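Handing you this structure, nothing more for now.
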Amino acid sequence: MKALVYQGPGKRAWVEKPMPKIELPTDVVVRITKTTICGTDLHILKGDVPTVAEGRTLGHEGVGIVEEVGSGVRTFKKGDAVLISCITACGSCPNCKRQLYSHCSDGGWQLGHLIDGTQAEYVRIPHADNSLHPIPAGSDEEALVMLSDILPTGLEIGVLSGQVGPGDTVAIVGAGPIGMAALLTAQFYSPGRIIMVDMDANRLEVAGQFGATDLINVSEGNVVEKLRALTGGVGVDVAIEAVGVPATFDVCQQIIAPGGRIANVGVHGASVELHLENLWIQNINISMGLVNTNTTPMLMKTVQSGKIDPAKLITHRFDLNDMMAAYDVFGNAAKEKALKINLSA
């Protein structure tokens with residue numbers, strides 16, 4: 001089969017690899033029908049995630065058809081259409097019992113990280129009963145790919161951890177796919193204002209179409225001054241960091257109001273300077289983490305009902321065999337006006 005393989009920092013290739021096989025009774029093998037590329041994959045290619053070994057198939061998002069089923073799998077059978085969760089969970093360890101699936105003792109973020117992932121023609125999914133979701137007949141599979149990772153990540157680590165509530169003023173720093181996912185799901189909780197911050201005029205325009213009430217272009221002046229002016233000098237109730245670089249985290253520290261919440265969603269490859277000397281006296285809460293995907297079933301219902309349409313995030317479509325070209329586009333997102341890319345087999 002063909003797969004997109006990490007070959008060390010800055011190196012990737014679309015190569016032949018052996019077909020995955022059932023290794024444990026709780027495994028299934030899925031034939032990928034649609035997948036995508038995540039910002040985390042770009043972090044891996046930069047060398048920001050040293051736990052990823054050379055030769056690893058990247059990718060942790062996708063939908064597909066079950067091809068092989070381990071003898072211990074109860075929920076799925078050959079031919080079932082499934083949504084692949086970016087998080088693998090055994091469902092029975094102490095962390096899984098408290099829905100901390102990202103820290104499953106035999107799972108967590110494995111796909112495209114510690115085991116081969118979904119940017120391939122086939123993928124092995126461990127703990128299939130707890131790591132896959134059945135796809136209802138007639139579903140928009142392009143939309144559901146967005147539920148593998150970015151929608152639950154934006155909701156759980158951004159909106160819910162940031163405790164977005166009715167009337168809140170929310171700033172989302174970074175209008176990439178994760179920032180857009182936070183924007184879409186924040187609206188479940190009726191905030192008063194959602195201020196989107198980015199340096200890409202196209203992404204800001206899209207954010208306005210998706211429900212942002214205010215748009216700030218970083219390239220057009222001091223972003224902190226602009227945000228404070230918008231809030232009468234008070235600052236924002238919730239600041240969601242959705243990039244993963246020190247500068248954007250620092251913006252969040254500077255714009256948060258007393259009693260506010262900073263929710264860090266971005267994947268950081270370098271340390272940031274935490275200004276506790278300023279924050280401690282303001283009663284600020286800071287959260288961060290890896291998605292647990294416990295909200296995925298709920299999000300599937302919202303997509304099915306038409307409450308949100310995450311397929312709107314897809315800007316480019318490629319054949320699965322054009323994976324290298326898709327990476328070229330996604331890696332130059334500003335120039336190509338790219339958000340999410342759909343790759344179909």
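Give me, ordered by chain and number, the residues 5 or more places off residue 256 or on other chains with an amide H under 5 Å from its own placed amide H.
Those lying under 5 Å, H to H, from residue 256 are 236.
Here is a further query. R0 = 41 Å: FRET efficiency of residue 114 with residue 74, Cβ-based, nearest 0.05?
That pair, residue 114 with residue 74, gives E of 0.95.
Once R0 is set to 22 Å, what does the formula 1/(1 + (r/R0)^6) return for the Cβ-Cβ distance between residue 1 and residue 317, expressed as a FRET efficiency to the nearest 0.05?
Efficiency at R0 = 22 Å is approximately 0.55.
List, in order, the whole-Hz ³J(HN,Hα) value for each residue of segment 33-40 obtained from phi through the Karplus relation with A = 6.51, B = -1.76, C = 1.60 and θ = phi - 60°; use x for Gly and Pro.
Running phi through 6.51 cos²θ - 1.76 cosθ + 1.60 with θ = phi - 60° gives 9, 8, 8, 8, 10, 10, x, 4 Hz.
May I pose another question? Work out from phi, with θ = phi - 60° and the Karplus expression 6.51 cos²θ - 1.76 cosθ + 1.60, the ³J(HN,Hα) of each residue of segment 51-63, listed in order in whole Hz, and give x for Gly and Pro.
Along segment 51-63, the couplings run 6, 7, 7, 4, x, 6, 6, 7, x, 9, 10, x, 10 Hz.
Farthest toward the dipole's positive end in segment 164-267, which of 252, 176, 206, given Cβ charges of +1 (Lys, Arg) and -1 (Asp, Glu) about the Cα centre?
Farthest along the dipole direction, towards plus: 252.
Compute the relative contact order of segment 65-121 as a whole-number percentage, counting only Cα pairs closer than 8 Å that sit 6 or more residues apart in sequence.
Averaging sequence separation for qualifying contacts and normalising by length gives 23 percent for segment 65-121.
I would also like to ask the following. Can you give the accessible area per residue of segment 268-345, in Å², using a 1.4 Å probe?
55
Tell me what the chain gives for mean residue ellipticity at 222 nm when only DSSP H runs of n ≥ 4 count, each as -39,500 (n - 2.57), the sum divided by the residue total, rounded to 500 deg cm²/dmol.
That calculation yields -6500 deg cm²/dmol at 222 nm.
Here are labelled values, (i) 55, 53, 52; (ii) 61, 41, 38; (iii) 65, 47, 33, and one is the computed Cα extents along the principal axes in Å for what I pasted. Which one?
Label (ii) holds the value from this structure.
Quick check: at a probe of 1.4 Å, how many percent of the accessible area of the chain sits on carbon and sulfur atoms?
Its accessible area is 52 percent carbon and sulfur atoms.
Past the 32 Å Cα-Cα mark, which pairs from 11/335; 2/77; 301/335; 46/97; 11/78?
301/335; 46/97; 11/78
Taking θ as phi - 60°, what are the ³J(HN,Hα) couplings along segment 111-118 by the Karplus curve (6.51, -1.76, 1.60), each to the nearest whole Hz, with x for Gly and Pro?
Coupling constants for segment 111-118: 4, x, 10, 9, 9, 4, x, 9 Hz.
Going by amide H atoms built from the backbone, whose H comes under 5 Å of the H on residue 262, apart from near neighbours?
Here the answer is 239, 285, 286, 287, since their amide H atoms fall under 5 Å of that of residue 262.
Also: Taking amide hydrogens as modeled 1.01 Å from N in the peptide plane, which residues meet the under 5 Å criterion relative to residue 194, leaving out close sequence neighbours?
Here 170, 213, 214 satisfy the definition.
The values are calculated or read from the model by the stated rules, or taken from the named source; none is laboratory data. The structure presented is a predicted model; accordingly, all values stated were derived computationally and were not measured. Note that each Cβ is placed from the backbone with ideal geometry, even for glycine, and that neighbours are counted across all protein chains shown. These area figures cover heavy atoms from the full protein model, side chains too; ligands, DNA and RNA do not enter into them. Shrake-Rupley method; radii C 1.70, N 1.55, O 1.52, S 1.80 Å.
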